Amino acid sequence: MPSSVRSPKDFFRPLAVGAPEPLREIPARPSRAIHFFDPSNEKMAAKVPQLVGTVDVLLGNLEDAVRADRKEAARDGLVKIARGTAGLGGEDASTQLWTRVNALDSPWVLDDLTALVTEIGDRLDVVMIPKVQGAEDIAYVDRLLAQLEARAGLTRPLLVHAILETARGVVNIEEICGASPRMQGLSLGPADLAADRRMKTTRVGGGHPGYLVRADPRRTSDGVDVEGDRATYQQDLWHYTISRMVDACAAHGIFPYYGPFGDIADVVACEDQFRNAYLLGCVGAWSLHPEQIEIAHRVFSPTVEDIAHARRVVAAMGDGTAAVMLDGKMEDDASLKQCLVLVELAEQLAERDPELKKLYDAIPGAGASDEQGEA
Ligand code: GLV
Ligand code: MG
């Protein structure tokens, strides 16, 4: 065991006298859209109360995209919003309240954490830490949060979410996920990550037309190239990173998220990126514009068709062993487990989203054919 890692016996002990006990399991609260707002922007701040109840997570952003001379106004604005907005943040709130504090090497982060935890710690659900490099960053935040929780007399531990946006962070991804029982999840930070990796893109998330594969040339039987178009297929720049995030998070019982998609007008490509992330195992994405909330809520909720099929498989599989044939396809213990992931997610989301509940409740009863399969 590396000396920097606590003994398993001590892992769940509070890191400060009087701090709340860490959670043993991270609650699966709906967080399909994490909607960013700048608390120093009065126009944006005024819209926050109307968004409560319409989005899973509202995040008061203090880091990038907030001007250096507005950092304190953003911090103060967030305290005011958290105190003055009913139904926002806290254990039973319909909309969670998260924040993204400034980076750990910035002059603002110590005051960000001190002010937010001591003044609105009971309303905050998750603290997002940008540009995390390794377990040592999480250890620093972990101890500091415990000290501040104790000072504020909080009874519920704050959770920590790391943005994966440095090459070193990607290299250390597993140890970051396992660095503290506070770890709630990871988000992809494609803009900073691209810069840190020295990728040659200039975008915030999404694909690039230059990153592609091309179909082989067509050739005659004697090996002569035939003139004509060769189809090209754009590839996903983020597939590798998201896949690593999904494995690291699943292995540690925490949640992976797609991050920002900067081309607000391109709702189609945004939906595609979000859906790829959903299919690979992510539970949500950031929203930078109200239009992206609807996209994320829709994409990160199982479809009615998927739930109808999943319920049929569950019903047909009885005690969950052996194999059955449904519509000519073999279903067995393993496909049942995939279906249960979808059914469980649908139940969690429907508990908080009455529209979704109506949709899932309207799915007609399950029925399996009698065909028997071998597997
Ligand atoms: C998000 O913070 C990013 O850098 O993409
Ligand atoms: Mg960033």
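The values are calculated or read from the model by the stated rules, or taken from the named source; none is laboratory data. The structure presented is a predicted model; accordingly, all values stated were derived computationally and were not measured. Cβ: placed from backbone, ideal geometry, glycine included. Neighbour counts: every protein chain shown. Remember, those area values only see protein heavy atoms, side chains included, never the ligands or the DNA or RNA. Shrake-Rupley method; radii C 1.70, N 1.55, O 1.52, S 1.80 Å.
Before we move on, is Asp69 under 22 Å from Ile138 (Cβ atoms) and either open to solvent by 30 Å² or more (accessible area, probe 1.4 Å) or more than 16 Å from ligand 1 (Cβ to nearest atom) (or both)? Considered against the rule, which asks whether it is under 22 Å from Ile138 (Cβ atoms) and either open to solvent by 30 Å² or more (accessible area, probe 1.4 Å) or more than 16 Å from ligand 1 (Cβ to nearest atom) (or both), Asp69 comes out as no. Taking the range 253-324 as the region of interest, none of the helices (runs of 4 or more DSSP H) fully inside it holds 1 or more residues being open to solvent by 30 Å² or more (accessible area, probe 1.4 Å) and within 16 Å of ligand 2 (Cβ to nearest atom). For the range 146-166, indicate whether the set of residues that are open to solvent by 50 Å² or more (accessible area, probe 1.4 Å), at pLDDT 95 or above, over 25 Å from Asp56 (Cβ atoms) and under 19 Å from the mean Cα position of the chain (by Cα) is non-empty. Checked the range 146-166: no residue is open to solvent by 50 Å² or more (accessible area, probe 1.4 Å), at pLDDT 95 or above, over 25 Å from Asp56 (Cβ atoms) and under 19 Å from the mean Cα position of the chain (by Cα). Taking the range 133-204 as the region of interest, the helices (runs of 4 or more DSSP H) fully inside it that hold 1 or more residues being closer than 30 Å to Gly18 by Cβ, within 16 Å of ligand 1 (Cβ to nearest atom) and charged (D, E, K, R) are 135-152. When Arg214 is tested against the conditions (1) under 23 Å from Val246 (Cβ atoms); (2) outside the structural domain of Arg83 (by TED's automatic domain parsing), the lone failure is (1). Residue selection: Ala215 fails the criterion of being touching a residue at least 40 places away in the same chain (Cβ under 8 Å), more than 16 Å from ligand 2 (Cβ to nearest atom) and open to solvent by less than 70 Å² (accessible area, probe 1.4 Å). Could you please let me know if Val101 is within 16 Å of ligand 2 (Cβ to nearest atom) and under 30 Å from Pro354 (Cβ atoms)? Answer is no for this residue. When each of Val109, Val101, Val55 is tested for being away from ligand 1 (no atom under 16 Å from the Cβ) and either closer than 20 Å to Ile254 by Cα or open to solvent by less than 10 Å² (accessible area, probe 1.4 Å) (or both), the lone residue that passes is Val55. The residue of the range 121-132 that is most open to solvent (accessible area, probe 1.4 Å), among those that are in a loop (DSSP other than H, G, I, E, B) and within 16 Å of ligand 2 (Cβ to nearest atom), is Lys131.
Residue by residue through the range 207-232, note down the ones that are within 30 Å of Val267 (Cα to Cα) and out of contact with any Phe, Trp or Tyr (no Cβ under 7 Å at 6 or more places or on another chain). Result: Gly207, His208, Pro209, Gly210, Tyr211, Arg214, Ala215, Asp229, Arg230, Ala231, Thr232. Does at least one position in the range 184-194 carry a residue that is more than 16 Å from ligand 2 (Cβ to nearest atom) and under 21 Å from the mean Cα position of the chain (by Cα)? Yes - at least one qualifying residue is present in the range 184-194. The number of residues in the range 66-114 that are within 19 Å of Gly53 (Cβ to Cβ) and among the aromatic types (Phe, Trp, Tyr) comes to 1. Only a single item in (1) open to solvent by less than 80 Å² (accessible area, probe 1.4 Å); (2) out of contact with any helix residue (DSSP H, G or I) (no Cβ under 8 Å at 6 or more places or on another chain) is not met by Asp236, and it is number (2). Would you be able to say whether some residue in the range 27-49 is open to solvent by 70 Å² or more (accessible area, probe 1.4 Å), in contact (Cβ under 8 Å) with a residue 40 or more places away in the chain and not aliphatic (A, V, I, L, M)? No, there is no match, as no residue in the range 27-49 is open to solvent by 70 Å² or more (accessible area, probe 1.4 Å), in contact (Cβ under 8 Å) with a residue 40 or more places away in the chain and not aliphatic (A, V, I, L, M).
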